[in-house]
Every structure is written in C-alpha cells, then in structure tokens.
Amino acid sequence: MDKKNINFSDHQLNNNDVMHELINLYIDQKKREFRWKDVFIFIYFAFFLSLIGFLVYQENGDQINRMIKNIEFENFIVLIAAGCILPDFITKLIFKHDVTVMDDYLKTKPISNTAWNRFIALTNTLNFWNILLPIFFLIVCLWLMPVAFAILSFIMIFLMSYFNGLAVTSLRKADGLEYKMPILIGWVVYLIFSSLLSFLLIGLTPVVQILIDIVFNAVCICCMYLYMCKLKRYNEYKTRVSHAKSISSGSLIGINFIILLRGKRIRTSMLIMVLVCLLQLYSPITYEQLGFMALWSFFTVCFPSFMIGQFGLGVEANYIDGVMTKPYSINEILRYKYYFFIILNLISTLLLVPLLLIHVDLLMLIVSILIFSIGFINIFMLPMCLFSKRLDIFGSAFFNFQGANYTPYSFAMIIPFFLIALAFAFLNPVVVEISITVLGLLSFALHKLFINKLSEIFIRRRYDIMEDMF
Amino acid sequence: MNIQICNLVKVYGDKTVLNIPDLLISSGELVGLVGNNGAGKTTMLRLILDLIRADGGYVTSNDWKVNENFDWKSYTGSFIDGRFLIDFYTPEEYFSFIGNVYKISPDIIKSRLEQYTPLMHDEILGTKKYIKNFSEGNRQKIGIIGAMLINPKVLLLDEPFNFLDPSSQMIVAKLIKQMNRDLGTTVLISSHNLNFVSEISSRILLLEKGELVKDLNNQDGIAEKELTDYFASQV
C-alpha cells in the first residue's frame, strides 16, 4: 500500500482544544442530567435549614450576639479552618463524586493525559462539595468580620477544601495500595502541619496568618496535583467484580435482607441515619430533655424501615418483568416487605437496650414507639409501591435522588414524624404513649386487609406503574 | 396450553405498533416469530406476558385472558431481557428464588440444572459472581435457564440466540426443541436467526410493521426458502 495514501487523522487537537471539548461534554452532560425537581428539593432543604437557623437565632440571638461581640473571629479563622479538615475530608469521601478515569469512548480518542488532568482539576474547582464549605464560611465570615478578611478567609478555606477534594480524587484515581498510601500519608502530614501551623500562627496579625495559610495550601495543592498527574489507571472492569458469598436460599423474605446487604446505596444511607440518631440519643445533652429523647428514639426505631420503605418497589423495579411473569404476587411481595420492616424495627430497637440501663423510665416509651412503628409507620410506607422508580442499588450515591420519588405522597410521609414531634411537645407523654400504642396495634391488626387493598390498586394500575418505573 | 390473540392492538402515540386480528397458537406447537427491527415481535411477547397494556383486543392463555386471570404465570416460562434477572443475586440464588416462587424443591432444581451443564459451560455456577457482573452472553444463558427450569407448559423467549457463542446457540436450539418434544411445551420464540428458527419451529410467523404478514407451515423446514426470499426482496 502506498504510504502517501494512508491518511491518518487530521484532528490532532492541542491541549486547549481538548479541554474545550471536554468542558463542552461536561456541560452537555450536566445540562441533560439537570432536573428542576432537584432544584426544588435543594430549595426545600435549604429553606428548612434556614428556618432552623432562624429559629435558633431567634431563641438565642442575644446570647450569640454577646458572644460574637467579644471575639475577633479573624484571629481564629485559620484555627477553625484547620479544625474543618478532617470532617471535610470524610464528607468528601462519602458524598463527593468524581471524574477520575477517562471512559472508553474518550480513551480511544486523541486526548492527552495533561489535558485530562487539567480537566480533573477544573471539575474539582466546580465541584459542589468543594465549594459548599467555602460558601458557607463566606456567608458566616461576612457577618462576623470585615469584608476583606471574609474574602481572604474564603480563599483560604476554598484552597483547604480544594486540597481535600483533590486528595479524594487522587485516592480514587490511584490503582493499588502502593499508589494510595503516599496520598494517605501525604494527607495525614498535611493535617498535622496545617494544625501545627494554625497554632504557631496565633499571635500574628490576622492578614499574615491567613496569607501564610493560603501559601501553605497552594503549595500542598501543587504537590497533590503533580502526584495525581503521575497516576495511571485503567478501566479494568474485572477488578470490580466482587466475590459473592451465598447468604440465603433465595427465600421470599431473604431477598429483602440481600437487597440491604448488597445494595451499597441503601445500606450506607440507612446506617448513616441510624448512626446519627444513636449519636443524638446517647449524647449527654439529650439526656436532659424527654421530648428529644422520645423523638430520637422514635427516629432510631423507625428510620431503617422508613429509609427503605421510601423507595417502594424501586429495587424490585429492576426485575419487575421477571416478577410480574411469575406466580409471585404483589400481595406477597408487599407482605414480606412489611414483615422485613418489622424485623428491622426490632433490630434497631435492640440498639436502644443500653439506653434502658440508664433510663429505665423510657421502657414504656420505647415499647410504644416500637408498636407504633411496626403497626402504623410501616403500613404508612407501603403505598410508596404505587410511585416507585427504578433504583440502581449498586450506585454508591447517597445524595443523588435516582429512584427516590417526590410525589405528594413522599411529603405526606413526613406527616407522622411531625405529628409525633408535636404530640410529645404538647401532650402528656403517657397519653401519647397510649395513643400511639393503640394506633399501632390497630394498624397491625388490619395490615393484611390494607395490603390486599393496596395490591388490588397496584394490579389495577400495573401498566402505568410499570411503565413509570423506568 | 394454547395461546389465542383476538384483535390485539398496541399503539404508541399515533403509531400502531401491533395489530393482530386473530391468531391461535395451539398447545404443543413450536412457533418462531421473525421480522425486521421494529416489526413488533417483542411488543407481541410483552403483551402475551401482560407486561404492557393492550390498546385493543386481548390475549388468552389456556382460554383465560392473561390480563384478568393470572394462572398462566404458574406454567409459563419466559425471558425477554435483563428486566427478568435479579442483578444482585448470584445465579445459584436466582435459580433458588425461581424454585421458591414455583414451589420446586431445591433438590429438583439441582437435578434440573444438571441438564443445562453443557450450556453453562462451567462459567455460571460456582463463580461467586453477582448476575450483574456476568457478560451479556452468560446473562442471556441465566435468563433462558431460569425460564426453562420450571419445565413450563408455555415458553416464551425473545431473541434467545443473541449474545451467545455458536455452540451455545446450538445447545439452546436443541434444548428448546427437546422441551417442546418431550414435555409438549407450547413455545414461541422470536429471532433474527432464520437458520435456527426454521430448523426447530413447526410454524413460523412473519411480522412486518406490527402486522402478521405470513403464517407459514414449517414442517421439515420448508418455510426457510420463502423467508429468505422475502427478506432478500427487502434489500
């Protein structure tokens, strides 16, 4: 063959062109994944958080103002930033999602590693979890200190947050322990030096403190970036294959346990929620307040089933055609799901047993909450099966809302929580305990009837529900 | 168990994707369903399995409307696509699950699985992998075995030869034929593979743009030439 006639690709892009293309791709992806629903949810949560902040300030505003008056926060901002490094890093490890390795469709194109690494650096700059903390600090700093200091503090905290974000990205990009270890060691050294520096800088003028910390963080970012550029990773799909241990014989109730154990997303979200509830419950501050004790006990007992119940038949949606073509009725699925919820409630109640050793007077409260959760809350969750969306249980995302639905019913589900909170706040605890016990027992007695009705509705609307699941 | 279709219509938007006035698949028949992409083969199977709503007409299985009486589920084995598989199960767990829902004892499941050893080729059982981690070919095999494991009276398979290596295609064709012959299972398979379809089917239905354009007797493979000519004329 005449070599002159072989026309290799003319599209040899330089790094800037590649970056441009990658950014376009990134923007297109974000645009196409954008959903107004998510914005609404964000606003919804932001509103509630603001409301809580406002109420706290309204309640303790004078005290806070007196405290603020006597403290010059710019003197301590470096120390505060150093204190945030560890929680910030953990948060990113859990929540942050990264672009780390080129997908095959990019890898097979003329995209240089330099351009790709720059792109990673850029996406980290725009990452929600990397800018959340700096923005939060900017708002607080603008309130607590002069504007110039607030802006400097923002830059410093952004760099700290960016370093953590880049470290997490690098950890994910590193293939094998030998490449991950330097990052972990480097990060620990960063944490130690950053903490030491923040103590050593106390006494210097705030501007000098912040500027030194900015330079320190910038140097650390450069080191981390250079190391990340050296990392090479292949999409070895085989390495992702996990070895399964058989844990059930495929029984109809066992399937629910397997979903929980193997579905990283469901497992993580449930465990985190229970952990938060337990931390609150066993915190010495809560011991003093019966209302809070009741509320956190209630959350601990019912959250596991509440968390899973909110997905309805989201997991089953993955193999819904298989289910609907087998002699395995929706009624059975719902009934086994309900029994599984009961088991979860019982397990989480066991976590409250140590609490009873300290507060034996809480026995009646916990028993009534358990009965209420088993009978009423679990039944209350079941209609979510009518609104289920397919849930990818292997996804690691805790904070993406795929599979969760925001139907009016999703919000209605929160009503029992508010009712319980209000009841414990305003009514005699004994009255509340008796009421919820009766309600729970009544609901439990009627659960089969309720499930029969629900599965009838499901079957009647099955085509629409099944089409809507995907 | 026969399957009957009466005035079955499925419409998406303003497009009629399936319109079959009348069709009877008699008990014990092995029927192949062929047609170009978009002909309505999968839609027809999904309607027979009551997975989507018919906009007109109905399907009966053993003289019962499939959307009103669900007894057909206890004797029908089917596999269309990945939505039939439980991704977070290992194949053993999946087969065991099928055993549970069809009330087949683990021992029987185990002995029946042995029949499928040549198809599984030591790549499915004992691999300690979740179904999601298998290749498309092996997922296809798991789905087909899952459908056949119950020794169904009616077997519906959509593109059973897809993703399979040549020897596995031959084994699947042989297993389908064997099941139909030995158990009298009524079989309906859709496929683009004219060779296999005409080799094993006793009757072949040709769908085009949602309409049943040919209903061919295929005793001794006599329909293959007509089908080949038909598709060649479309080129």
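The values are calculated or read from the model by the stated rules, or taken from the named source; none is laboratory data. Keep in mind it's a predicted model, so treat the numbers as computed, not measured. Virtual Cβ from ideal backbone geometry, glycine too; neighbours counted across all protein chains shown. Note: areas computed on protein heavy atoms with side chains; ligands, DNA, RNA excluded. Shrake-Rupley method; radii C 1.70, N 1.55, O 1.52, S 1.80 Å.
A few remarks follow.
- When A:Ile185, A:Ile120, A:Ile212 are checked against the criterion of being farther than 30 Å from A:Asn15 by Cβ and in contact with a helix residue (DSSP H, G or I) (Cβ under 9 Å, 6 or more places away or on another chain), a single residue qualifies: A:Ile212.
- When each of B:Pro118, B:Pro160 is tested for being out of contact with any Cys (no Cβ under 8 Å at 6 or more places or on another chain), touching a residue at least 24 places away in the same chain (Cβ under 8 Å) and open to solvent by less than 30 Å² (accessible area, probe 1.4 Å), the lone residue that passes is B:Pro160.
- The set of residues in region A:313-333 that are in contact with a Leu (Cβ under 6 Å, 6 or more places away or on another chain) and over 16 Å from B:Ile98 (Cβ atoms) comprises A:Gly314, A:Val315.
- Within region A:411-470, considering residues that are outside any loop (DSSP other than H, G, I, E, B) and basic (Lys, Arg), the one least open to solvent (accessible area, probe 1.4 Å): A:Arg462
- Note on region B:5-45: residues that are open to solvent by 10 Å² or more (accessible area, probe 1.4 Å) and under 23 Å from B:Asn151 (Cβ atoms) amount to 4.
- Candidate set: region A:345-356, residues that are open to solvent by 10 Å² or more (accessible area, probe 1.4 Å) and among the aliphatic types (A, V, I, L, M); chosen: the one nearest to the other protein chains (Cβ to nearest Cβ): A:Ile347
- Condition check for B:Ser111: outside any loop (DSSP other than H, G, I, E, B), more than 23 Å from A:Tyr319 (Cβ to Cβ) and of a type in the set (S, T, N, Q): yes
- Of residues in region A:305-326 being facing chain B (nearest Cβ under 7 Å) and within 15 Å of B:Asp87 (Cβ to Cβ), the one most open to solvent (accessible area, probe 1.4 Å): A:Asn318
- Enumeration of residues in region B:82-101 that are more than 7 Å from chain A (Cβ to nearest Cβ) and at pLDDT 90 or above: B:Pro91, B:Phe95
- Any hit, region A:193-206, residues being modelled with pLDDT of 90 or more, under 24 Å from the mean Cα position of the chain (by Cα), farther than 15 Å from A:Ile77 by Cβ and part of a helix (DSSP H, G or I): no
- The numbered conditions (1) at pLDDT 80 or above; (2) more than 11 Å from chain B (Cβ to nearest Cβ) are all true for A:Ser329 except (2).
- Per the listing B:Lys65, B:Lys73, the residue uniquely closer than 30 Å to B:Lys110 by Cα, without any contact (Cβ under 8 Å) to a residue 60 or more places away in the chain and either in contact with a Lys or Arg (Cβ under 6 Å, 6 or more places away or on another chain) or surrounded by fewer than 20 Cβ atoms within 10 Å (Cβ to Cβ) (or both) is B:Lys73.
- Residue count for region B:112-139 under the criterion of being within 14 Å of chain A (Cβ to nearest Cβ) and polar (S, T, N, Q): the result is 4.
- Which listed residue, of A:Phe372, A:Phe341, is more than 15 Å from A:Ile308 (Cβ to Cβ), in contact with a Gly (Cβ under 7 Å, 6 or more places away or on another chain) and at pLDDT 90 or above: A:Phe372
- Selected residue (only one of B:Ile98, B:Ile104 is in contact with a Lys or Arg (Cβ under 9 Å, 6 or more places away or on another chain), over 24 Å from B:Thr43 (Cα atoms), touching a residue at least 40 places away in the same chain (Cβ under 8 Å) and open to solvent by 10 Å² or more (accessible area, probe 1.4 Å)): B:Ile104
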